[in-house]
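This report refers to the structure that appears directly beneath it.
The values are calculated or read from the model by the stated rules, or taken from the named source; none is laboratory data. Model, not experiment: these values are computed from the prediction. Positions of Cβ are backbone-derived with ideal geometry, glycine not excepted, and every protein chain shown enters the neighbour counts. Each accessible area value is taken on the protein alone, full model and side chains, heavy atoms only, with ligands, DNA and RNA left out. Shrake-Rupley method; radii C 1.70, N 1.55, O 1.52, S 1.80 Å.
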Amino acid sequence: MGERYTRYSTANDVMKEFLIYGAELTDMGFPKLPAVQAHPSDTIDFRSGLNRSFKGHHGTSCNFYIDDEKFLALENNVDKYLNYLKLFKCVLGIDFTIDTQMPLIMQFFNKYRSMALDWYLTLRGITVIPNVNIIPYKGREWLLDGLPKRSTVCCSTVGKNQSEEAVEEFCLGFHDMCNRLDPSRVIIVGKIPTGLNANIEIVNLKNANQKMRERYQNK
């Protein structure tokens, strides 16, 4: 095990280094997340849970597969939401947007702050399932930096079913991720792309749009 991060570089910790205090960091500076084993039976996004006065987990997980602006409040005041997040069985890892068309430094930053929050929540006793961004990893292997092997991991298929090319990229990236991380199971939120065949346990949870469509169809 490497050296743990135990310093603050700025007055009043304006860089929020408290989020990674005690973490072992990768060479790039991402905190190494611990492996977890979890099997949620449902999920609700961070904002929706707040709006519905969520009372208890009942097997439910909290996810961040929503617009970044809808969970910026967590980054700005994470301690305020600890008791709320502890109501869930587990949390699906923070998912600040990483788009391959973004400047690379923005991609690095969004991965860092997602994982920093994941580490901090873990230290506060919350079960955090590491989130993975599913794309072909050649040239972007750093996207898996700090993620644990043989762990439950999670991902979302939002925007991954819009074209044959997007489906193919997701499937390629999914198999690449499995080869590199050897996960014990994968939680997929959203519709599973046609043609995704994997020799691994997949738990498929519906996202908010799917649930809404089902409610309207059943009326």
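Side notes on the structure shown:
- For the stretch 8-40, the set of chymotrypsin sites (Phe, Trp or Tyr not before Pro) satisfying both a DSSP loop assignment and a count of at most 15 other C-beta atoms within 10 Å is given as Tyr8.
- Computed from phi, the 3J(HN,Hα) profile of the stretch 196-211 under the Karplus parametrisation 6.51, -1.76, 1.60 (θ = phi - 60°) reads 7, 10, 9, 8, 7, 6, 10, 10, 9, 10, 7, 8, 4, 5, 5, 5 Hz, with x in place of Gly and Pro.
- FRET efficiency for the pair Ile126 and Glu168, taken as 1/(1 + (r/R0)^6) with r the Cβ-Cβ distance and R0 = 35 Å, rounds to 0.50.
- Under the combined filter of DSSP loop state and at most 11 neighbouring Cβ atoms within 10 Å, the stretch 122-155 retains these trypsin sites (Lys or Arg not before Pro): Lys138, Arg150.
- Separation between Cα centres of the stretch 171-217 and the stretch 1-47, rounded to whole Å: 25 Å
- Most simply put, the stretch 1-135 has about 20% antiparallel DSSP beta bridges, counting only bridges with both residues inside it.
- Probe 1.4 Å - accessible area at Tyr81, Å² to nearest ten: 30 Å²
- For the listed residue pairs Lys55/Lys138; Lys86/Lys191; Lys16/Lys211, the alpha carbons are over 32 angstrom apart in Lys55/Lys138; Lys16/Lys211.
- Sequence-ordered 3J(HN,Hα) estimates for the stretch 90-95 from the Karplus curve with 6.51, -1.76 and 1.60 and θ = phi - 60° stand at 6, 10, 7, x, 4, 9 Hz, glycine and proline given as x.
- Ellipsoid semi-axes in whole angstrom, largest first, where each is sqrt(5λ) of the Cα gyration tensor of the stretch 141-192: 20, 12, 9
- Using the Stokes-Einstein relation with a Kirkwood hydrodynamic radius computed over Cα pairs, the translational diffusion coefficient of the stretch 91-219 at 20 °C and a viscosity of 1.002 mPa s comes to 138 µm²/s.
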